[in-house]
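For reference, the structure discussed in these notes is given below.
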Amino acid sequence: MLLVEDDPLIRLATEALLAGCGCRVVAVGDGDQALAALAGQSFDLLFVDAQLPTISGLELIRLVRAESPALRVVLASGYCDLPLAGDPAMVDVVLLPKPYSTEAVQRVLSPANDPLGALP
């Protein structure tokens with residue numbers, strides 16, 4: 001799983017939470033680092049913050065989905081009015097409101113939310 005979060009404290013806490021859920025996590029701090037990581041290896045899920053420096057989380061999803069349309073995506077955001085509807089790159093993106101709990105993360109990672117049954 002690729003975790004993209006610019007806040008270092010949230011990144012560390014989320015990485016530990018995801019690892020505690022049994023996920024193998026590569027954590028990066030911005031969209032450019034995410035694109036570099038994606039160029040070097042494959043991931044089964046992109047867990048991305050909506051507000052990132054260099055490339056927004058939404059733009060990162062669009063770029064990634066252009067190459068890997070089936071990649072599972074969890075979009076974490078403190079904003080509930082993100083423009084997801086009508087954007088083909090946002091189909092099946094799971095919106096996770098911030099702040100999120102361990103239970104909320106476990107829910108979005110559950111096989112019931114994974115159309116391919118491939119998680120964690």
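Nothing in this text is a laboratory measurement; each read-out follows from the coordinates by a stated rule. Remember, predicted model here, so these are calculated numbers, not experimental data. Positions of Cβ are generated from backbone atoms using ideal geometry, with glycine treated the same way; all protein chains shown enter the neighbour counts.
Figures for the structure shown
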| item | result |
| --- | --- |
| Charge sum, other residues only, whose C-beta stays under 13 Å from GLU5's C-beta, Lys/Arg counted +1 and Asp/Glu -1 | -3 |
| Distant-in-sequence amide H partners of ALA76 (H built 1.01 Å from N, under 5 Å) | VAL48, ASP49, ALA50, LEU96 |
| Amide proton proximity set for LEU45, modelled H, under 5 Å, gap of 5+ | LEU2 |
| Least to most buried among MET90, MET1 (fewest other Cβ within 10 Å first) | MET90, MET1 |
| Residue exposure sequence - THR102, THR14 - by fewest surrounding Cβ within 10 Å | THR102, THR14 |
| From phi via Karplus (6.51, -1.76, 1.60), per-residue ³J(HN,Hα) for the stretch 42-59 in Hz, x at Gly/Pro | 9, 10, 8, 7, 10, 10, 10, 6, 6, 9, 10, x, 6, 9, 5, x, 5, 5 |
| Rh by Kirkwood over Cα pairs, then Stokes-Einstein D for the chain at 1.306 mPa s and 10 °C, µm²/s | 112 µm²/s |
| Per DSSP, loop chymotrypsin sites (Phe, Trp or Tyr not before Pro) in the stretch 1-109 with at most 12 further Cβ within 10 Å | TYR79 |
| Surrounding net charge for ALA39, when Lys and Arg each add one and Asp and Glu each subtract one, Cβ distance under 12 Å | -2 |
| Vicinal HN-Hα couplings computed from phi for the stretch 90-101 (Karplus, 6.51 cos²θ - 1.76 cosθ + 1.60; Hz; Gly/Pro x) | 9, 4, 6, 5, 8, 8, 10, x, 9, x, 10, 9 |
| Estimated vicinal HN-Hα couplings, Hz - the stretch 34-40 in sequence order (Karplus 6.51, -1.76, 1.60; Gly, Pro = x) | 5, 4, 5, 5, 5, 6, x |
